[in-house]
Amino acid sequence: MTTTDLELPVSVNPQTWNADTTAMLEFAGLTWKNGDKREYAPAGVTAGFINACNRTGLDPTTKQIYAAQMSGKWTVLIGIDGMRTVAQRSHQYEGQTPIQWTADGVTWVDAWLPSDPTAKPLAARVGVYRTGFREPLMQVVTWAEFGMDSRFKGDNWGKRPAHMLGIRAESHALRRAFPNDLSGLYTAEDFDPDDEAMVIEPSEDWETLIEQAETKDQLVDYVNRAREVNELTDAVRTKALVKHGEFNRANEAFTGDPTKMTAEEAAELEGA
């Protein structure tokens with residue numbers, strides 16, 4: 001049984017997650033700590049990620065698959081090891097040609113060993129064999145299209161340009177050979193690092209609306225509306241519970257700390 005079988009949640013509601021599930025989804029990039037507050041990716045993103053894990057059988061704890069904001073949107077990302085795993089599990093994968101590099105587009109070599117250690121390959125290529133195909137599905141990627149410029153010398157593209165361009169060729173070849181299995185899944189290199197990540201805002205300022213609610217019925221309506229659009233976060237839920245307690249205390253039906261509601265009172269609001 002895989003870690004994915006053991007820990008992936010059935011529900012996108014963080015209130016249903018245990019500690020192991022939260023740890024897995026934090027590793028996958030779907031939840032994170034912001035000071036003393038825990039943040040969560042939008043519920044729709046979490047649902048899409050869970051579906052991708054179930055469809056591919058990939059394990060977030062090994063970084064075969066993860067989520068991130070890329071090029072202005074949340075995206076399910078897959079590492080090269082994840083792509084190789086998907087291909088192998090298809091039972092139609094029959095290996096690859098060696099990765100090759102070229103400095104002129106004419107002569108291809110199996111090892112990139114330039115006399116100038118700063119020289120970068122012009123292009124890389126690799127072919128993937130799939131059952132039922134007469135020839136390998138070849139993919140060529142060029143440094144001009146997919147390489148990084150001098151601004152990124154501090155990362156892998158600057159330190160290991162041939163290795164990274166070769167992986168890029170392999171990922172494109174695997175996607176070409178297994179389009180159905182790898183559709184909708186991208187590597188981080190598929191996105192422009194200059195693009196700013198999108199800040200996803202809720203459809204309504206639920207915390208302010210709840211704070212300004214004048215009646216219990218209005219409060220319950222806000223909770224229902226937030227739940228319908230998958231925006232009933234921990235912060236919104238806590239604000240609603242506190243407000244509910246304040247209403248009860250005003251009616252002398254609730255005493256003590258308004259954050260410490262009885263089980264019956266919490267169930268009343270939770271069932272809204």
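The values are calculated or read from the model by the stated rules, or taken from the named source; none is laboratory data. The model shown is predicted, which means the values in this text are computed figures rather than measured ones. In this analysis, Cβ positions are derived from the backbone assuming ideal geometry, glycine residues included, and neighbour counts consider all displayed protein chains.
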Exercise. On the given criteria, is GLY29 at pLDDT below 85 and either touching a strand residue (DSSP E or B) at 6+ places or on another chain (Cβ under 8 Å) or surrounded by fewer than 18 Cβ atoms within 10 Å (Cβ to Cβ) (or both)?
Worked result: no
Problem set entry | Residue in region 96-118 that is touching a residue at least 60 places away in the same chain (Cβ under 8 Å), outside the structural domain of ALA43 (by TED's automatic domain parsing) and of a type outside the set (S, T, N, Q) present | yes
Problem set entry | Residue in region 67-85 that is farther than 16 Å from MET164 by Cβ and without any contact (Cβ under 8 Å) to a residue 12 or more places away in the chain present | no
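Filter region 90-122 down to the residues that are polar (S, T, N, Q) and in a loop (DSSP other than H, G, I, E, B), then identify the one that is surrounded by the fewest Cβ atoms within 10 Å (Cβ to Cβ).
So the first thing to find is which residues in region 90-122 are polar (S, T, N, Q), and the list is 90, 92, 96-97, 100, 102, 107, 115, 118.
If we keep only those that are in a loop (DSSP other than H, G, I, E, B) as well, we get 90, 92, 97, 107, 115, 118.
Values: SER90: 15, GLN92: 15, THR97: 15, THR107: 9, SER115: 5, THR118: 8.
Going through the qualifying residues, I end up with SER115.
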Problem set entry | Candidate set from region 237-251 (those that are over 34 Å from the mean Cα position of the chain (by Cα) and assigned to a helix (DSSP H, G or I)); member that is surrounded by the most Cβ atoms within 10 Å (Cβ to Cβ) | HIS244
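Yes or no, residue by residue, for (1) of a type in the set (A, V, I, L, M); (2) more than 14 Å from the chain's Cα centre (by Cα); (3) assigned by TED's automatic domain parsing to the domain that holds THR85:
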| residue | (1), (2), (3) |
| --- | --- |
| LYS33 | no, yes, yes |
| ALA41 | yes, no, yes |
| PHE49 | no, no, yes |
| ALA52 | yes, no, yes |
| GLY57 | no, yes, yes |
| THR62 | no, no, yes |
| TYR66 | no, no, yes |
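Within region 179-190, does at least one residue satisfy the condition of being over 30 Å from GLY79 (Cβ atoms), aromatic (Phe, Trp, Tyr), modelled with pLDDT of 65 or more and outside any loop (DSSP other than H, G, I, E, B)? Please lay out each step first, then the result.
So the first thing to find is which residues in region 179-190 are over 30 Å from GLY79 (Cβ atoms), and the list is none.
No, region 179-190 has no match at all.
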For this session: Note down all Cβ pairs under 8 Å where the first residue falls in region 1-16 and is under 16 Å from PHE27 (Cα atoms), the second is at pLDDT below 80 and outside any loop (DSSP other than H, G, I, E, B), and they're at least six residues apart or on different chains.
Result: PRO14/ASP234
Seminar exercise, completed: Counting only residues in region 201-212 that are surrounded by fewer than 13 Cβ atoms within 10 Å (Cβ to Cβ) and of a type outside the set (D, E, K, R), the one modelled with the highest pLDDT is identified as GLN212
Exercise. Pick from THR215, THR259: which is modelled with pLDDT of 55 or more and either over 29 Å from ALA47 (Cβ atoms) or surrounded by fewer than 17 Cβ atoms within 10 Å (Cβ to Cβ) (or both)?
Worked result: THR215
